[in-house]
Amino acid sequence: MARRHVAEQLQNWNLKALISDVVLIVSELVTNAITHGGGPVRHSLRLTPLPDRATSLRVEVVDSGRGWDGPAPRSPFADADQCHGRGLHLVDALAAEWGHEVLNDGHTVWADLAVPAAA
């Protein structure tokens, strides 16, 4: 559902160039929230104008879990034979910036992407 929702929203915003990257990011973040956090899991997209006339797209996934202490995990890639451990590396590769916040009632992980000027 999250993948379909973000693809439809980006299509509506005429941001087709971002669909594949944002679908992958939201898929990874929602999977992590379901696996490591607690329900309910929510996601959102937000466009933000920047001072230099550019625009940023923020992808947020919120869960009811505790999150992690300290900085976001940025450990080395998983071994080739492991099924897990690459999601945040994909997010890191695709996003201009990403991070997390511990909330009073949960945890949010966010990723910011630059909106192409021609979009």
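Counting only residues that are in contact with a helix residue (DSSP H, G or I) (Cβ under 6 Å, 6 or more places away or on another chain) and open to solvent by less than 20 Å² (accessible area, probe 1.4 Å), which one in segment 11-26 is farthest from Thr108 (Cα to Cα)?
Leu18
Out of the residues in segment 1-10 meeting the condition of being in a helix (DSSP H, G or I) and open to solvent by 90 Å² or more (accessible area, probe 1.4 Å), tell me which one is nearest to Asp92 (Cα to Cα).
Pass one, segment 1-10, residues in a helix (DSSP H, G or I): 2-10.
Narrowing the set further to residues that are open to solvent by 90 Å² or more (accessible area, probe 1.4 Å) leaves 3-4, 8.
Values: Arg3: 18, Arg4: 22, Glu8: 23 Å.
If we take residues in segment 1-10 being in a helix (DSSP H, G or I) and open to solvent by 90 Å² or more (accessible area, probe 1.4 Å), then Arg3 is nearest to Asp92 (Cα to Cα).
Which pairs do you get when a residue that is under 19 Å from Val23 (Cα atoms) and assigned to a strand (DSSP E or B), found in segment 40-67, comes within reach of a residue that is among the aromatic types (Phe, Trp, Tyr) and open to solvent by less than 60 Å² (accessible area, probe 1.4 Å), reach meaning Cβ atoms under 6 angstrom, with the pair 6+ apart or on two chains?
Cβ pairs passing all conditions: Arg58/Trp110; Glu60/Trp110.
Hey, can you tell me all the residues within segment 33-47 that are open to solvent by less than 80 Å² (accessible area, probe 1.4 Å) and at pLDDT 90 or above? Before the answer, list the steps.
Restricting attention to segment 33-47, the residues satisfying the condition of being open to solvent by less than 80 Å² (accessible area, probe 1.4 Å) are 33, 37-39, 41, 43-45, 47.
Once the filter is applied, which keeps residues that are open to solvent by less than 80 Å² (accessible area, probe 1.4 Å) and at pLDDT 90 or above, segment 33-47 yields Ala33, Val41, His43, Ser44, Leu45, Leu47.
Scan segment 10-17 and give yes if some residue there is in contact with a strand residue (DSSP E or B) (Cβ under 6 Å, 6 or more places away or on another chain) and at pLDDT 95 or above, otherwise no. Give the steps one after another, and end with the answer.
Of all residues in segment 10-17, those in contact with a strand residue (DSSP E or B) (Cβ under 6 Å, 6 or more places away or on another chain) come to none.
No.
The values are calculated or read from the model by the stated rules, or taken from the named source; none is laboratory data. What you are looking at is a predicted structure, and each value in this text was computed from that prediction instead of being measured. Glycine gets a Cβ as well: all are built from the backbone with ideal geometry, and neighbour counts include every protein chain shown. Side chains included, ligands, DNA and RNA excluded: accessible areas come from the protein's heavy atoms. Shrake-Rupley method; radii C 1.70, N 1.55, O 1.52, S 1.80 Å.
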